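A.B. asks: Let me give you the structure first, and then I'll get to my questions.
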Amino acid sequence: MKKIPLTIIAGPTGIGKSSLAMQIAENIGTDLISADSRQVYKYFDVGTAKPTKEEQRMIKHHLIDLREPTEIFAVAEYLKLVKPLIEDINQDGKMPLIVGGTGLYIKTLVEGFSIPEVESLPDLRKKLVKEAEEYGNAVIYQRAKEIDPEAMTRIHENDIIRVIRVLEVFENTGKLFSSLRVRASEPIYDLTYICLDMDREKLYTRIGQRVEQMFEQGLLDEVKSIIEKYGSDLQLLKTINYRETREHLLGNLNLEETKELMKKNTRNFAKRQLTWFRNDPLITFMNAETKEDINKIVKLLCNLS
C-alpha cells in the first residue's frame, strides 16, 4: 500500500518555523497543520505566537483554537484528530504539511504510536496540581518516575500537565502510561522531516526580539483578560511567557524583570527542544540563518509537492 507523503517542519521556539511554513503552503497551495500543545487552546494567542487572524485567512490552519483553557488536551486526542486530517488533505491532492515545536506530538505521530484515550480524573488532577504548587514539581515528578520510569524519560520535570497525566492514567487503569503506547511495525508515512537550526547566539537574539514583540502585540492585555475570565490559578498560566507575565500582573516582578525572565526561560526551553530533536534519527537539520538558507529550504520542500 502506498504511503501518504508527509512533510514536517520542526525546530525550537523563535526560529521562524511558522513564517517558513506559510511561504511553502502559499507556494504549493496547501493547508498547515499545527503541532503545538498550547495553540490548541482558545485565547492563548500572543504568548504562544499563534498565527494571526490575517495569517489564518491567507492559509487555512488546523488544530488551533480547539479547546477552552480549562479543558485537558492529551497526545491521544492529537493523534485522533491529526491522522484523519492528514488523510483528507492528501485525498484533496494537497501535500500534508505539519509545523510546530511540540516534539511529543510529532514523535508519536511519525513513529506510528497508538495511544488509547483514558478519561481524566478531575479531583486527582486538582489534588496533584495543588501538591506541585505547595511542594514543587520535583516531588510530583519523582512520584511519577517511581511508578513509570520509562514514560518519564520523555517528559521534563516542568511539564507538570504531562507528569500528572502519567499518574492519572495509572490511577484510572492500573496500567503504566508507557505500556499503553502501541508502536506500528513500520513507518506509516513517506516522511520528509526537517528541523530548523541556526547559530545559538543568533537564535537567542531572535528570542529576545520576539519577547519584546509580544508585549508590543498586547501580551499584558491578553493575560489580564484570561485572569479576569478564569482566575490566576489556571494551569496554562503557569506555562512559559504566561507565568512570567502573570507574576508581573500580581505585582511580583516589574516589567523589565518580567521581560528578562521570559527571555531566559525561553532560551532554556529552546535548548531542551533542540536536545529532543537532536535525539531523533528521522530528522534532517537545516540551517535557517539567512534569506538564502530559507530560500533553499522553500525550494527543496516545494519540489516535493
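A.B. asks: Looking only at region 130-160, how many residues end up being of a type outside the set (D, E, K, R), modelled with pLDDT under 85 and in a helix (DSSP H, G or I)?
C.D. replies: Taking region 130-160 as the starting set, the residues that turn out to be of a type outside the set (D, E, K, R) are 132, 135-142, 144, 147, 149, 151-153, 155-156, 158, 160.
Filter once more, so that each one left must be modelled with pLDDT under 85: 156, 158, 160.
Of the ones still in play, those that are also in a helix (DSSP H, G or I) are 160.
Within region 130-160, residues that are of a type outside the set (D, E, K, R), modelled with pLDDT under 85 and in a helix (DSSP H, G or I) number 1.
A.B. asks: Sort out which residues of region 139-157 are of a type in the set (Gly, Ala, Ser) and more than 22 Å from the chain's Cα centre (by Cα), and write them in order of number. Even if it seems obvious, please write down each step before you answer.
C.D. replies: Initially, region 139-157 is screened for residues of a type in the set (Gly, Ala, Ser), giving 144, 151.
Across region 139-157, there are no qualifying residues.
A.B. asks: Step by step: first the residues of region 72-114, then only those that are assigned to a loop (DSSP other than H, G, I, E, B) and without any contact (Cβ under 8 Å) to a residue 12 or more places away in the chain, then the one that is nearest to residue 5 (Cα to Cα). Which residue is that? Write out each step before concluding.
C.D. replies: Within region 72-114, the subset assigned to a loop (DSSP other than H, G, I, E, B) is 72-74, 92-96, 100-102, 111-113.
Okay, now just the ones that are also without any contact (Cβ under 8 Å) to a residue 12 or more places away in the chain, so 92-93.
On the way: 92: 13, 93: 11 Å.
The residue in question is 93.
A.B. asks: While we're on this one: Taking the condition part of a loop (DSSP other than H, G, I, E, B) and among the small types (Gly, Ala, Ser), does residue 251 pass?
C.D. replies: On the way: part of a loop (DSSP other than H, G, I, E, B): yes; among the small types (Gly, Ala, Ser): yes.
Yes: the conditions hold for residue 251.
A.B. asks: I want to confirm something. Restricting to region 218-237 and keeping residues that are assigned to a helix (DSSP H, G or I) and of a type in the set (Ser, Thr, Tyr), which single residue is nearest to residue 159 (Cα to Cα)? Don't jump to the end; show me each part of the working.
C.D. replies: Taking region 218-237 first, the residues assigned to a helix (DSSP H, G or I) are 219-230, 235-237.
Filter again for of a type in the set (Ser, Thr, Tyr), leaving 225, 230.
Working: 225: 24, 230: 21 Å.
Out of the qualifying residues, it is 230.
A.B. asks: Could you tell me how many of the residues in region 193-213 are within 14 Å of residue 288 (Cα to Cα), among the charged types (D, E, K, R) and touching a residue at least 60 places away in the same chain (Cβ under 8 Å)?
C.D. replies: So the count comes out to 4.
A.B. asks: Suppose the filter is surrounded by fewer than 15 Cβ atoms within 10 Å (Cβ to Cβ), farther than 20 Å from residue 235 by Cα and not hydroxyl-bearing (Ser, Thr, Tyr); does residue 90 pass it?
C.D. replies: Against the criterion (surrounded by fewer than 15 Cβ atoms within 10 Å (Cβ to Cβ), farther than 20 Å from residue 235 by Cα and not hydroxyl-bearing (Ser, Thr, Tyr)), residue 90 does not qualify.
A.B. asks: So which of 21, 35 is touching a Gly at 6+ places or on another chain (Cβ under 7 Å), touching a residue at least 60 places away in the same chain (Cβ under 8 Å), assigned by TED's automatic domain parsing to the domain that holds residue 217 and closer than 25 Å to residue 93 by Cβ? Before the answer, list the steps.
C.D. replies: Working: 21 fails: touching a Gly at 6+ places or on another chain (Cβ under 7 Å).
Residue meeting the stated conditions: 35.
A.B. asks: Among the residues of region 239-294 satisfying the criterion of being touching a residue at least 12 places away in the same chain (Cβ under 8 Å) and touching an Asp or Glu at 6+ places or on another chain (Cβ under 6 Å), which is nearest to residue 10 (Cα to Cα)?
C.D. replies: Taking the candidates together, the pick is 285.
A.B. asks: Sticking with this one: Among the listed residues 24, 33, 15, 9, identify the single one that is buried (at least 23 other Cβ atoms within 10 Å of the Cβ) and assigned to a loop (DSSP other than H, G, I, E, B).
C.D. replies: Values: 24 fails: assigned to a loop (DSSP other than H, G, I, E, B); 33 fails: assigned to a loop (DSSP other than H, G, I, E, B); 9 fails: assigned to a loop (DSSP other than H, G, I, E, B).
Sole residue among the options that is buried (at least 23 other Cβ atoms within 10 Å of the Cβ) and assigned to a loop (DSSP other than H, G, I, E, B): 15.
A.B. asks: Something else: In the set 275, 258, 266, 245, which member is outside any strand (DSSP E or B), out of contact with any helix residue (DSSP H, G or I) (no Cβ under 6 Å at 6 or more places or on another chain) and assigned by TED's automatic domain parsing to the domain that holds residue 70?
C.D. replies: Values: 258 fails: out of contact with any helix residue (DSSP H, G or I) (no Cβ under 6 Å at 6 or more places or on another chain); 266 fails: out of contact with any helix residue (DSSP H, G or I) (no Cβ under 6 Å at 6 or more places or on another chain); 245 fails: out of contact with any helix residue (DSSP H, G or I) (no Cβ under 6 Å at 6 or more places or on another chain).
Only one candidate qualifies: 275.
A.B. asks: What's the total number of residues in region 218-232 that are of a type outside the set (Gly, Ala, Ser) and either over 21 Å from the mean Cα position of the chain (by Cα) or surrounded by fewer than 13 Cβ atoms within 10 Å (Cβ to Cβ) (or both)?
C.D. replies: Filtering region 218-232 down to residues of a type outside the set (Gly, Ala, Ser) leaves 219-224, 226-230.
Those left that are additionally either over 21 Å from the mean Cα position of the chain (by Cα) or surrounded by fewer than 13 Cβ atoms within 10 Å (Cβ to Cβ) (or both): 220-221, 224, 227-230.
Total meeting the criteria: 7.
The values are calculated or read from the model by the stated rules, or taken from the named source; none is laboratory data. Everything numeric here is computed off the predicted structure, so don't read it as measured data. A quick note on method: Cβ atoms are made from the backbone with ideal geometry, for glycine too, and the neighbour counts reach across all protein chains shown.
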